[in-house]
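First up is the structure itself, then whatever we jot down about it.
The values are calculated or read from the model by the stated rules, or taken from the named source; none is laboratory data. Worth saying up front: this structure is predicted, and the values here are computed from it rather than measured. Cβ: placed from backbone, ideal geometry, glycine included. Neighbour counts: every protein chain shown. All accessible areas refer to the heavy atoms of the entire protein, side chains included, with ligands and DNA or RNA removed. Shrake-Rupley method; radii C 1.70, N 1.55, O 1.52, S 1.80 Å.
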Amino acid sequence: MAKVNLMDLTLEQMKEFLINIGEEPYRGKQLCQWVLQKGVKDFNAMTNISKALRQKLERLAALGGVNILARQESAGGDTVKYLFQFPDGQAVESVLMKHSYGRTACVSTQVGCRMGCRFCASTIEGMVRNLKAGEIYDQVLAIQRDTGERVSHVVLMGSGEPLDNYDNAVQFIKNVTAPYGLNISYRHITLSTCGIVPGIKKLAREKMPITLAVSLHAPNDRLRNQLMPINRRYPLGQLIPACREYAQVTGRRITFEYSLIKDVNDRAEHASELGELLKHISCHVNLIPVNPVRERGFNRTPQEQVNRFKNILAERGINATVRKEMGTDIDAACGQLRRKTMKAGLPQGGTTG
Ligand code: SAH
């Protein structure tokens, strides 16, 4: 029988697991604290658990764990990119961003991605597998271990589409915000989606006041269909009302991400059209000069044009900021470090992508 990874369990599930193996459920909280709060990787470190139970757990359960396969630090040291490898050999990227207000971990939710966005490196070779909740959680713990600093904010914006791995993404968010976990405030969590409408509607009802970021990148269906295949399944006529609903149900402002690609989606008329599209939604627009990906052949919009785009939105009463760029010198755009490392033939221990 496969061992249960205790990092995948919520407190309730931990108690059930204990009952199933003939133990007292009240131990659940202690175990969660060891696994999710302290992040121990050895049952013997669990000093308030009896030796007999530790030995039993050793036989029946696992504690997750990731290896750092590659680590790149930006010149200024404000961004660190990791390539983490799981016991089956698969690897994903995570990024730590050091802000004045805290430390943000950007985590991956899938190995690869099947959404096919034209400008994104993570999706070039499709999706390999979903990450389990514990594997998403382990990325945060590994970053804390490496830096010795508490992670205060989490963004689900690494490789993968979180709403295409809904249950694991939500379970991760529950544990990372739990008092028996890392106790990170819901308000410090952002989930980014390419626009899976049923997932957005379901998430609105989870009673988790997290920020929803929606990758828009185009102000009309014609252009969005070209850049993001998901739009053919859930066009703007469905996506925008779902976003409005999310904002209404949760009381949270939506963040729209818009990567500016030279001569593709960055003209003045695109900005006006975007302003029109978003005018009745409580939102904020994040403008991101596209990170050129070698395989994709897109270029970034010049700074002047970025500012012009922003001003047109402002004239229409839409609050937009140009995302502070961090770590472009370290391939911080999705999927680039993994592709480079794997191609260079670093130890894989399994097949990737
Ligand atoms: N699948 C989710 C989360 C992962 S991508 C989503 O689509 O939102 C995180 C963000 O990076 C998305 O807004 C995505 O569109 C954007 N992105 C991907 N590749 C990029 C690139 N080369 N340059 C700029 N942004 C990129």
Task: Reciprocal of mean inverse Cα separation for the range 1-113 (Kirkwood radius, Å) - done: 16.1 Å
Task: With DNA, RNA and ligands ignored, accessible area of MET115 (1.4 Å probe; Å², nearest 10) - done: 20 Å²
- [ ] Would you calculate a helix-derived [θ] at 222 nm for the chain, using -39,500 (n - 2.57) for each DSSP H run of n ≥ 4 and dividing by the full residue count, to the nearest 500?
- [x] -10000 deg cm²/dmol
Open item on the list: Give me Rg/Rg_expected for the range 257-320, where Rg uses Cα atoms only and Rg_expected = 2.2 N^0.38 Å with N residues.
Closed with: 1.11
Task: Three-way shape label, the range 4-62, alpha-carbon gyration tensor, a/c 1.5 - done: rounded
Task: Net charge of neighbours whose Cβ lies under 14 Å from the Cβ of GLY317, counting Lys and Arg as +1 and Asp and Glu as -1 - done: +2
Open item on the list: Whole-Hz ³J(HN,Hα) for each residue in the range 242-252, computed from phi via Karplus 6.51 cos²θ - 1.76 cosθ + 1.60 with θ = phi - 60°, x for glycine and proline: what do you get?
Closed with: 5, 5, 4, 4, 4, 4, 5, 5, 9, x, 9
- [ ] Mind pulling the per residue volume of the convex hull built on the Cα atoms of the chain? Å³ is fine.
- [x] 138 Å³
TODO: Whole Å is fine, so just give me how far the alpha carbon centre of the range 127-150 lies from that of the range 62-107.
DONE: 8 Å
Task: Which of GLU304, GLU93 is most accessible, then next, and so on - probe 1.4 Å - done: GLU304, GLU93
Open item on the list: Give me a comma-separated list of calculated 3J(HN,Hα) values for the range 174-186, in order, Karplus coefficients 6.51, -1.76, 1.60 applied at θ = phi - 60°, integers in Hz, x for any Gly or Pro.
Closed with: 4, 6, 6, 9, 6, x, 7, x, 9, 6, 7, 5, 3
TODO: Under 11 Å from the Cβ of TRP34, count the other residues' Cβ atoms, weight Lys and Arg +1, Asp and Glu -1, and hand me the total.
DONE: +4
Open item on the list: What number does the range 159-221 give for Rg over Rh if you use C-alpha atoms and the Kirkwood radius?
Closed with: 1.00
- [ ] Identify all lysines with a Cα-Cα distance to LYS262 below 24 Å; exclude those on the same chain that are fewer than 8 residues away in sequence.
- [x] LYS310, LYS324
- [ ] Pop out the ³J(HN,Hα) list for the range 272-286 in order, Karplus 6.51 cos²θ - 1.76 cosθ + 1.60 with θ = phi - 60°, rounded to Hz; leave Gly and Pro as x.
- [x] 5, 5, 5, x, 5, 4, 9, 5, 9, 10, 6, 8, 9, 10, 9
- [ ] State the percent of C-alpha pairs, over all pairs in the range 187-260, separated by a distance greater than 22 angstrom.
- [x] 17 percent
Open item on the list: Tell me the carbon and sulfur percent of the accessible area for the chain, rounded to whole percent, probe radius 1.4 Å.
Closed with: 48 percent
TODO: Give me the angle, in degrees from 0 to 90, between the Cα long axis of helix 51-60 and the longest principal axis of the Cα atoms of the chain, rounded to the nearest 10.
DONE: 50 degrees
